[in-house]
Amino acid sequence: MGVAAEKEKPKLIDEKGLRVDGRRPDELRPIDMEVGVLKNADGSALVKYGNTWVLAAVYGPREAVPKHMTLPDRAVLRCRYRMLSFSTHERKSPAPSRREIELSKVIREALEPAVLTELYPRTTIDIFIEVLNAHGGTRTAGVTAAALALADAGIPMRDLVAGVAVGKVDGIIVLDINENEDMYGEADMPVAAMPGLGRITLLQLNGVLTPEEFRVALKLALQGIKRIYDMQKEVLRHKYAVVEE
Ligand code: ADP
């Protein structure tokens, strides 16, 4: 196959209505979650959405260095999202890219409404997100992993936060898009929410949707998020279950 042919947009929905990886439009990738995977962090989580693997580590609340970065009435939440060099098809430069800096901010803002920062004035809470393997949806898997790591660190939260990206491929609205669907689809829309409180904390849209398609996509995203949120709760319950009931 020539280079030009390789770059042609592949068919994203087959004649049976299934996607490139065999999923139905409303199906999540196989999701796996584990908490407390790192011995030296206060809290940690490893989250896998298919071939997207993300590790989150949380430190804090701890005394801030430098001190002038602290706030008198609440903790400062800091977040660093990074894609490891071996996480992509072609080796990614280890230097922080503009995309990584932007995603660090987007993810922090998705998590901040959930954290009771007012309980820990003059401290920082640091969140490190490392993408081990990238295959679409790393920011939303990052939010899911970081929320679990915050909970694992024992940091009080109003609710958990979970995320998933929806998209439009070959005219169909689909849940939890993978890298090919992100690259060749008509639209991709990452969403994160606190399902228990009914609040959306991240919503981005690349590409084009009609208002009706947007409504369908958002509904599908929130349904997916609820399923991921239930898995988060189950994983935490399993680790921290109190024996007496
Ligand atoms: P997200 O990972 O949240 O979907 P993007 O839409 O920016 O964020 O990226 C979509 C996918 O494209 C990523 O998950 C990853 O698989 C791939 N990708 C992004 N940036 C790079 C990069 N610098 N090198 C190789 N692949 C990348």
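Numbers below:
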{"quantity": "Residue within the range 46-55 that is surrounded by fewer than 23 Cβ atoms within 10 Å (Cβ to Cβ), away from the ligand (no atom under 16 Å from the Cβ) and either hydroxyl-bearing (Ser, Thr, Tyr) or in a strand (DSSP E or B) (or both) present", "calculated": "yes"}
{"quantity": "Single residue of Leu18, Leu12 found to be of a type in the set (A, V, I, L, M) and crowded, with 20+ Cβ neighbours inside 10 Å", "calculated": "Leu12"}
{"quantity": "Extreme residue, farthest from the ligand (Cβ to nearest atom), among residues of the range 68-84 that are closer than 15 Å to Ile129 by Cα and open to solvent by 30 Å² or more (accessible area, probe 1.4 Å)", "calculated": "Arg78"}
{"quantity": "Odd one out for Ser93 among (1) over 15 Å from Thr138 (Cα atoms); (2) assigned to a strand (DSSP E or B); (3) of a type in the set (Ser, Thr, Tyr)", "calculated": "(2)"}
{"quantity": "Check on Val216, in a helix (DSSP H, G or I), of a type in the set (Val, Ile, Thr), over 13 Å from Gly163 (Cβ atoms) and free of Cβ contacts under 8 Å to residues at least 60 places away in the same chain", "calculated": "yes"}
{"quantity": "Hits in the range 169-179 (condition: within 16 Å of Gly22 (Cα to Cα) and either in a strand (DSSP E or B) or open to solvent by 10 Å² or more (accessible area, probe 1.4 Å) (or both))", "calculated": "Val169, Asp170, Ile172, Ile173, Val174, Leu175, Glu179"}
{"quantity": "Meets criteria (under 18 Å from Met231 (Cβ atoms) and either open to solvent by less than 10 Å² (accessible area, probe 1.4 Å) or modelled with pLDDT under 95 (or both)) for Thr124", "calculated": "no"}
{"quantity": "Sole exception among (1) surrounded by fewer than 20 Cβ atoms within 10 Å (Cβ to Cβ); (2) in contact with a helix residue (DSSP H, G or I) (Cβ under 6 Å, 6 or more places away or on another chain); (3) assigned to a strand (DSSP E or B) for Tyr59, by number", "calculated": "(2)"}
{"quantity": "Residues satisfying the stated conditions in the range 136-165, i.e. assigned to a loop (DSSP other than H, G, I, E, B), of a type outside the set (Val, Ile, Thr) and within 16 Å of the ligand (Cβ to nearest atom)", "calculated": "Gly136, Gly137"}
{"quantity": "Odd one out for Val115, checked against (1) over 13 Å from the mean Cα position of the chain (by Cα); (2) surrounded by fewer than 19 Cβ atoms within 10 Å (Cβ to Cβ); (3) away from the ligand (no atom under 11 Å from the Cβ)", "calculated": "(2)"}
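The values are calculated or read from the model by the stated rules, or taken from the named source; none is laboratory data. Remember, predicted model here, so these are calculated numbers, not experimental data. Backbone-built Cβ (ideal geometry, glycine too); neighbour counts: all protein chains shown. Note: accessible area is taken over every heavy atom of the protein model, side chains too, but ligands, DNA and RNA are not part of it. Shrake-Rupley method; radii C 1.70, N 1.55, O 1.52, S 1.80 Å.
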